[in-house]
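A.B. asks: Input: one structure, supplied below.
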Amino acid sequence: MDIVAAQPELDLALPIEPEPAPSPEKAEVQPHERKSKKRQPKRFEIPDDLPVEETVLDVPEEDRICLETGKPLVKIRDEVSDKLAFRPGYFFIKRTIRPLYVSQDAPDNGVTVAQLPPQPLTNSRVDVSVLVAVLVMKFVDHLPLYRIQRIFRRSEIAIERGTLSSWVMQLGMLLCPLADLMRSEILAGERLFTDSTGLRYIASGPGCEKGVIWVYCGGPGGGKDPPYLVYDFSLDGTHEQTLKYLRSFRGLLHADAHGAYQTSAVRSDVQWQVCLAHARRKFTDLQSGDIACRKQVIEDFGLLFKAEREVWKLQTAGERLAYRQAHCKPIIDRLIATITERVEQGTLLPKSKFRAALMYMYKRKEHVRTFLSDGNAVIENNLAERTIKPLVIGRKNWMFLGSASAGLPTAAILSVVQTCVHLKIDPSAYLNDILPRIKTHPPDRLAELLPDRWQQSR
């Protein structure tokens, strides 16, 4: 069928009448509609119906006397300061009321009022408890800021993510002196545990760059686990950062086979204990290779770690050293002999994982035996690996740092809160106490605020 021919014909003869134009007197001018500006969201919004807890800070009675006339000062009004505060589970307003006094006869003398207690952030509208909650949620519970923002919003507290980020940066810089002091204590100690992991940060150009977080564990005390855990951030993984960090260290270095640690171990004043947990893991993870050799090596590792559990039940370094000479030395000698014999047969595939596992210890035979000459040495570096773990968990949630400049405050906060966790100190209780005081605390007595000293003082 011809589709065009099947269409109904149009009556082209019908006249087309144009619509009459409106007369000038009837034409209406449409009023101009002004577009309203889009309302900008408030960066900080607090509901009006939060519960209020009041604290009255009054001037001592002996200070309510006019210095010129000797007459009592007259209260004129109350100075009220409201700050958003937090306790686990709910927010409230912490209201501080400060009566203001003036002299009736000498009003030009000014106003007498009690001083506000120190706060970590100047002119902030939030109490230290809110700041502490943000730090604990991010650096202990591993929550990114956008999730913290959602948690606050469920309580009708609207705080922009940029504001939360600014708080974290400022508090991190405030805690840097404590992290630096812990680092000094670690480097002055006799033992140091160290490890590293990657941490991306947003660069000035497109995309992210890969930085590195180094951990250093140490400090005073002769137990298996020293008190301080310190994090350090670098823009890349080159050796210069950790070599500079370890320049002043003298003593036992517990680490894996990273090139920077091997370089430090060349020094005569550093005794390197290779992590035997790393060495054992290379054999337990194998799926191929000489079965008999693997079985013997894993059995010897098991006996060695079992003996070390008994070692650390002893109190003194001398007792531990004597036990190791009697029980651990035969095991490690046999273990090294087994590995040496298998390597020197010359039958290993050059790129096999079995050869890599054997060579890890074969190349470092001297440094796997350091613990036999020092009763304070530890055969594994698990403390540093446990210190890395919170960062790895957090990294999976908040993904990367917002900038390279965030590395230093992030490392400082991690150092303080993870040291608290390590020492079984409640990070919230600790931070609520020291953050308001750290600005005004005498610099020569800053060590009093270190987590272990703070714990002892209480």
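Just so you know, all these numbers are worked out from the coordinates, no wet-lab data involved. All of these numbers come straight from a predicted model, not from anything done at the bench. A quick note on method: Cβ atoms are made from the backbone with ideal geometry, for glycine too, and the neighbour counts reach across all protein chains shown.
A.B. asks: Sorted from fewest to most neighbouring beta carbons within 10 Å, what does the list TRP214, TRP312, TRP454 look like?
C.D. replies: Details: TRP214 23, TRP312 13, TRP454 18.
Sorted ascending by nearby Cβ count, the order is TRP312, TRP454, TRP214.
A.B. asks: Using DSSP to define loop residues, name the trypsin sites (Lys or Arg not before Pro) in the range 115-163 whose beta-carbon has at most 11 other beta-carbon atoms within 10 Å. Before the final figure, lay out the partial values.
C.D. replies: Numbers: sites: ARG125, LYS138, ARG147, ARG150, ARG153, ARG154, ARG161; in loops: ARG125.
Hits after loop and neighbour filter: nothing returned.
A.B. asks: Straight-line reach only, C-alpha to C-alpha below 14 angstrom: list the aspartates and glutamates that LYS210 could link to, leaving out same-chain residues fewer than 8 apart.
C.D. replies: In chain and number order, the partners are ASP236.
A.B. asks: Here is a follow-up. If you place +1 on the Cβ of every Lys and Arg, -1 on the Cβ of every Asp and Glu, and leave all else neutral, what size is the dipole of the range 323-419 about its Cα centre, to the nearest 20 Debye? If you can, show how the numbers build up before the last one.
C.D. replies: Working: 15 positive and 7 negative charges, 61 e Å.
Here the range 323-419 has a charge dipole of around 300 debye.
A.B. asks: Of VAL80, VAL311, TYR216, whose Cα points farthest to the positive end of the dipole of the chain (charges on the beta-carbon: +1 Lys, Arg; -1 Asp, Glu; origin at the Cα centre)?
C.D. replies: VAL311
A.B. asks: For the range 341-414 and the range 433-458, what is the separation of their Cα centres, given in Å?
C.D. replies: The range 341-414 and the range 433-458 have Cα centres separated by 33 Å.
A.B. asks: Which length gain, in nm to one decimal place, applies between ASP290 and GLU62 when the Cα-Cα distance is subtracted from 0.36 nm times their residue separation?
C.D. replies: Values: separation 228, 0.36 × 228 = 82.08 nm, distance 8.71 nm.
Stretched fully, the ASP290-GLU62 segment lengthens by 73.4 nm.
A.B. asks: Percent of Cα-Cα pairs more than 19 Å apart in the range 278-380, please. Don't jump to the answer; show the numbers that get you there.
C.D. replies: On the way: 2236 of 5253 pairs.
Tail fraction, whole percent: 43.
A.B. asks: Follow-up question, since we're still on this one. Report, by chain and number, residues whose modeled amide H sits under 5 Å from the one on LEU401, excluding near sequence neighbours (fewer than 5 apart, same chain).
C.D. replies: For LEU401, whose amide H was placed from the backbone, the distant partners under 5 Å are ARG200, TYR201, ILE202.
A.B. asks: Right, here's the next one. For a label point 7 angstrom out from the Cα of TYR362 toward its Cβ, which stretches of the range 326-354 have the backbone nitrogen within less than 18 Å?
C.D. replies: 333-354
A.B. asks: Next up: Cα centroid distance between the range 46-94 and the range 266-335, in Å?
C.D. replies: Centre-to-centre distance over Cα atoms comes out at 63 Å.
A.B. asks: Roughly how many Å is it from the Cα centre of the range 191-244 to that of the range 115-186, as a whole number?
C.D. replies: First find each Cα centre; the distance between them is then 22 Å.
A.B. asks: Taking only DSSP H segments of four or more residues, each worth -39500 (n - 2.57), what value at 222 nm results for the chain once the sum is divided by all its residues, to the nearest 500 deg cm²/dmol? Each step should come with its number before you reach the end.
C.D. replies: Values: 14 runs with 175 residues, N = 458.
Using -39500 (n - 2.57) per qualifying helix, the result is -12000 deg cm²/dmol.
A.B. asks: Once fully extended, how much extra length lies between SER184 and ASP269, figured as 0.36 nm per residue of separation less the alpha-carbon to alpha-carbon distance? Walk me through the intermediate numbers first.
C.D. replies: Values: separation 85, 0.36 × 85 = 30.60 nm, distance 1.76 nm.
Answer, rounded to one decimal: 28.8 nm.
A.B. asks: Also: Apply the Karplus parameterisation 6.51 cos²θ - 1.76 cosθ + 1.60, with θ equal to phi minus 60°, to every residue of the range 360-365 and state each ³J(HN,Hα) to the nearest whole Hz, in sequence, with x for glycine and proline.
C.D. replies: These are the phi-based 3J(HN,Hα) values: 4, 8, 4, 6, 10, 4 Hz.
A.B. asks: Right, something else. Farthest toward the dipole's positive end in the chain, which of PRO117, LEU243, SER166, given Cβ charges of +1 (Lys, Arg) and -1 (Asp, Glu) about the Cα centre?
C.D. replies: LEU243
A.B. asks: With respect to the cross-link table entries LYS83/LYS138; LYS224/LYS313; LYS244/LYS282, which display a Cα-Cα separation exceeding 19 Å?
C.D. replies: Distance filter (> 19 Å) returns LYS83/LYS138; LYS244/LYS282.
A.B. asks: Gain in length, ARG161 to LYS244, computed as 0.36 nm per residue apart minus the alpha-carbon separation, to one decimal in nm?
C.D. replies: 26.3 nm
A.B. asks: I would also like to ask the following. What nm distance separates the two modelled labels at GLN119 and ALA404, each placed 7 Å from Cα along Cα→Cβ?
C.D. replies: 3.4 nm
A.B. asks: Then there is this: So I have [x] 1.09; [y] 1.24; [z] 0.99, and one of them is Rg/Rh (Cα atoms, Kirkwood Rh) calculated from this model. Which one is it?
C.D. replies: Checked against the structure: label [y].
A.B. asks: Antiparallel DSSP bridges in the chain: what percent, to the nearest 5? Kindly include the intermediate steps, with their values, before the conclusion.
C.D. replies: Working: 35 of 50 bridges.
Around 70 percent antiparallel, to the nearest 5.
A.B. asks: Continuing with the same structure: ALA203 label point, 7 Å along Cα→Cβ, cut-off 19 Å on backbone N: hits in the range 391-420?
C.D. replies: Residues 399-408 fall inside that zone.
A.B. asks: Moving to a separate point now. Counting only the backbone N, which residues of the range 77-121 are under 14 Å from the spot 7 Å out from the Cα of LYS71 toward its beta-carbon?
C.D. replies: 102-109, by backbone N distance to the label point.
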